[in-house]
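Heads up, the thing below is written out as structure tokens.
The values are calculated or read from the model by the stated rules, or taken from the named source; none is laboratory data. Please read all numbers here as calculations on a predicted model, not as lab measurements. Cβ: placed from backbone, ideal geometry, glycine included. Neighbour counts: every protein chain shown.
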Amino acid sequence: MKYLAWFGGVLITILAAVYIVAFTPFGNGLLKPTIESKIQQQTKLESKLTTFSLNMSEFEIVLELSKNNNISIKGTYSLFSQAFDMTYSVEVKALQELKSLTNAQLKGRVFTNGTIRGDAAFITIDGVSDIAKSDTSYHIELTEFNPTSIIAKVKKANLLSLLELGGQKPYASADIDLDVNFKNITPHALDGDILLQTHKGKIDTKLMKSDFDVVIPRTAFNMNLDAKLKGDDVNYVYKLNSNLAKITSSGTITPQPLTLDVKYGLNIEELAVLKPITNADVRGAFKLNGTAKGTKDNLKVNGKSDVASSETAFNITLKDFKPATVNATVKHLKLQKLLYMVKQPHYTDGNLFLDIDISDARADTLKGLVVSRVENGLLDSKYMSKTYEFKSKMPKTTFNMKTTTKLNGSVADTKVDFNSNLVTLDVKQARFNMKDGSIATDYLVNVKSLERLFFVSQRHLRGGISVNGEFKKAKDLDLTIHSKIAGGKIDATLHNDDFHTDLKSIQTLDALHILMYPEVFKSTLVGTLDYNLAKEKGVMKADLVDGKFTKNQMLTLIKQYAHTDLYKERFKGNVKADIKKENIVASLDLKSNRSSIKTKNTKLNSKTKKINSKIDINANGNPIVITLTGNVTSPKVKIDAEKLIKKEAEKAITKELNNFFKKLF
């Protein structure tokens, strides 16, 4: 009995201590700092318990979360029956002060109050709120602390206030009504409906212009969502109407496991209005409609669109919401309208046709075929000439093109057939590796008339040219160039910035004919050109063999007055040019058995078109010195041949040289 009494005394003491600490003003005062400290740790705010009162049947708590935000709750409870009846009030005047609690940049005010009644088995919550300047009431039922029923009515919520609450700018205004009636929200036993309506919606066009540089007309909108939940299914009808866009969707959704059977439609008058949502810088009209049917594991989405005045249709299979297969066709898409939509300059007109058949759309095992065609292509010559600063207008250029791309894993092999009235391009295989970004391709370029490229070359040329080779870009850039021209052959390579060219058996008469230079010298030229693109520096070296002058008035005059016939001479020699940016320093050394033609350190500036050259001619022991200075199109010509020929011959030769250089440049 002694020990039983001792134990009973200890128990009574403990219970008395618990009672005093938990249910008396003295004990409340002891607990208050500890509870306040825990709240501060959880909220990361300087929160204060301005009121903390708890006894055996009643309580009252007032928590000051921050200076302008308070929560109060008071009521009665029973420890034995676990029943309670309480009222609450939440007054948030400055949401921005609660950033550490909300983890978001919220603004504005929220007020709500109501009652909470029930016990551990069943609880009801009834309250009202003025969230977003609305008239809101709600009724919530919880069974064993799990929500089982929700009824809420929101009248005339202000969209501007909602955007402010979310820390967003007031891009739009509207009145919102929401009616939620969930008799049962227990999974697999849903029973209820949702009605959401938006009225008097308007878009702030000035703010859209200042924030997104999007110009849209005055826009009004309204929205309606009517959803009915029954069992596992959600049946809904959604409509959004405005003078810019109409969006519709309807059908059945089963959340668990996810199953869809829905229709959708988009009719957007101006895509630019969606920029704040999509962040896509596009514009223009867009229509799309189709269906989505299936499960998360196998969802089939199809649709039709008139994007850029096209006839577009697609079928996509999604597995876990990732594309598995894609089939699409695009017919008669207007390139000019597509460029407008993606805010690109008007480079071209034309009709695009596209066929896509991808049997496996997974990135690692990609497999499929993409065929594209452009018909009736027409480049915008006026725009191209202005943009690329061509000194003369680009001629009217029409084209058509076909590409065929085979996709196999990370590799795409493309065949290209491009035809225009300026050039043609054929590519048998362009291989692009999507993993490392490398590309390797062959090419064949044909130019039927070099004269039509005058707007680029700024030089009148005769004939055509065919060029073929290979292009590779991985760690290094490598390009090969091969062409048969002027009776000879050109083979060139480019490795990063280093360019090398071999000139083989070039016939000078043919070359002069192509360049529209006076055809005064017949010879075979063999040489090399080495040039660094980054340094803009290089050297050209060439040998001339079996050279012979053709009939021209200048040599005829020399023959007449100097009694020297250079037409009978056979020349050989070399030419060298050092290139440093626009400055060219050239040397020429031609010799025959009896005569020679030499120039050393001839200076030519390709930018200023200035020349400074001294040409020494030794015609069978008779010296003639010709000096050229000034602009290459009309250089100042000086002849030193007083001991050899008469003054009138000097004037005639000077005249011929002037005519020669005018034709040359």
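Within region 272-289, take every residue that is touching a residue at least 12 places away in the same chain (Cβ under 8 Å) and either part of a loop (DSSP other than H, G, I, E, B) or within 15 Å of the chain's Cα centre (by Cα) (or both) and give me the one that is nearest to Thr205 (Cα to Cα). Taking the candidates together, the pick is Lys275.
Of the candidates Thr493, Thr480, Thr501, the single residue that is without any contact (Cβ under 8 Å) to a residue 60 or more places away in the chain, hydroxyl-bearing (Ser, Thr, Tyr), touching a His at 6+ places or on another chain (Cβ under 6 Å) and not in a loop (DSSP other than H, G, I, E, B) is Thr493. Selection of first residues in region 51-71 that are more than 20 Å from Thr115 (Cβ to Cβ) and of second residues that are among the charged types (D, E, K, R) and assigned to a strand (DSSP E or B), restricted to Cβ pairs under 6 Å at least 6 apart or on distinct chains, gives the following pairs, ordered by first then second residue: Glu64/Lys48. Counting the residues of region 505-563 that are in contact (Cβ under 8 Å) with a residue 60 or more places away in the chain, more than 30 Å from Leu494 (Cβ to Cβ) and outside any loop (DSSP other than H, G, I, E, B) gives 7.
Pairs linking a residue in region 630-646 that is more than 14 Å from Lys614 (Cα to Cα) and modelled with pLDDT of 60 or more to a residue that is of a type in the set (Lys, Arg) and part of a loop (DSSP other than H, G, I, E, B), with Cβ atoms under 9 Å and 6 or more positions apart or on different chains, are Asn631/Lys609; Thr633/Lys609. Just one of the listed residues (Ile131, Ile216, Ile150, Ile185) is at pLDDT 90 or above, surrounded by 16 or more Cβ atoms within 10 Å (Cβ to Cβ) and of a type in the set (A, V, I, L, M, F, W, C), namely Ile150.
Candidates in region 456-493 are the residues that are modelled with pLDDT under 90 and not charged (D, E, K, R); of these, the one that is surrounded by the most Cβ atoms within 10 Å (Cβ to Cβ) is Leu461. Residues in region 112-165 that are assigned to a helix (DSSP H, G or I) and among the acidic types (Asp, Glu): Glu164 alone.
I'd like to know if region 500-522 contains one or more residues that are of a type in the set (Phe, Trp, Tyr) and within 38 Å of the chain's Cα centre (by Cα). Scanning region 500-522 turns up no residue that is of a type in the set (Phe, Trp, Tyr) and within 38 Å of the chain's Cα centre (by Cα). For Asn620, the conditions (1) over 27 Å from Ala486 (Cα atoms); (2) surrounded by fewer than 14 Cβ atoms within 10 Å (Cβ to Cβ); (3) in contact (Cβ under 8 Å) with a residue 24 or more places away in the chain are fulfilled apart from (2). Being out of contact with any Cys (no Cβ under 7 Å at 6 or more places or on another chain), within 20 Å of Pro518 (Cβ to Cβ), surrounded by fewer than 18 Cβ atoms within 10 Å (Cβ to Cβ) and hydrophobic (A, V, I, L, M, F, W, C) is a property that Val575 has. Among the residues of region 188-207, those that are crowded, with 17+ Cβ neighbours inside 10 Å, aliphatic (A, V, I, L, M) and closer than 18 Å to Ile253 by Cα comprise Leu190, Ile194. Being closer than 21 Å to Glu582 by Cα and surrounded by fewer than 16 Cβ atoms within 10 Å (Cβ to Cβ) is the requirement here; does Lys504 meet it? No: the conditions fail for Lys504. Being of a type in the set (A, V, I, L, M), at pLDDT 90 or above and within 30 Å of Val637 (Cα to Cα), is that true of even one residue in region 543-551? Taking every residue of region 543-551 in turn, at least one turns out to be of a type in the set (A, V, I, L, M), at pLDDT 90 or above and within 30 Å of Val637 (Cα to Cα). Lys183 passes every criterion in (1) among the charged types (D, E, K, R); (2) more than 31 Å from the chain's Cα centre (by Cα); (3) not in a strand (DSSP E or B) apart from (3). Within region 407-419, the residues that satisfy the criterion of being surrounded by 15 or more Cβ atoms within 10 Å (Cβ to Cβ) and either aromatic (Phe, Trp, Tyr) or part of a strand (DSSP E or B) (or both) are Leu407, Ala412, Asp413, Thr414, Lys415, Val416, Asp417, Phe418, Asn419.
With respect to Phe390, is the statement that it is surrounded by 14 or more Cβ atoms within 10 Å (Cβ to Cβ) and part of a strand (DSSP E or B) true? No.
Conditions tested, residue by residue: (1) among the acidic types (Asp, Glu); (2) under 27 Å from Leu318 (Cβ atoms).
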residue	(1), (2)
Asp213	yes, no
Pro217	no, no
Leu225	no, yes
Asn243	no, no
Lys246	no, yes
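The set of residues in region 243-264 being under 34 Å from the mean Cα position of the chain (by Cα), within 30 Å of Ala220 (Cβ to Cβ) and either in a strand (DSSP E or B) or basic (Lys, Arg) (or both) consists of Ala245, Lys246, Ile247, Thr248, Ser249, Ser250, Val262, Lys263, Tyr264. If the condition is being within 26 Å of the chain's Cα centre (by Cα), modelled with pLDDT of 95 or more and either basic (Lys, Arg) or surrounded by 17 or more Cβ atoms within 10 Å (Cβ to Cβ) (or both), then region 433-444 contributes only Thr441.
The set of residues in region 51-89 that are of a type in the set (Lys, Arg) and either part of a strand (DSSP E or B) or surrounded by 15 or more Cβ atoms within 10 Å (Cβ to Cβ) (or both) contains only Lys74.
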